[in-house]
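Notes follow once the structure below has been shown.
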Amino acid sequence: MTSEPENKQPTAKPEKWERRVQFEPPLEVAVMSIDGTWSAEAVLLDISAKDARIRSPILRAELAEFFLMLTRFGNPVFRRCTRAWVNGPEMGVSFAKPPAPKVVAC
């Protein structure tokens, strides 16, 4: 009885699973320039821990960095974003990582 050799290839480590939430209907949000001189209404289509997809007919494609305001009232919830891509009224954004805290030696 002959058996064929098993052709086992090492499996690649799977990418870390990333949860993505889609909003149906889309969630109303606001986009504000870093200096606060410009803002626009938008809707949040989907979001993950690293990025999001928003839609607004009046978003400025040249706006490279801005705040995404996730709350309309009460304590503000916002994320600092950079533009990843633009396709018509939709924009993909990446969330900026918060700066590392400075450690001061005493």
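Readers should treat all values here as calculations from the given coordinates under stated rules, not as data from a laboratory. Please read these numbers as outputs of a predicted model, since none were measured by experiment.
A few points about this structure:
- Stretch gain in nm, segment Lys102-Ser39, where the contour uses 0.36 nm per residue and the Cα spacing is subtracted: 19.6 nm
- One chain, two ends: Glu24 and Phe73. Fully extended at 0.36 nm per residue, the span grows by 15.6 nm beyond their Cα-Cα distance.
- Across the range 21-95, counting alpha-carbon atoms alone, Rg and Dmax equal 11.1, 32 Å.
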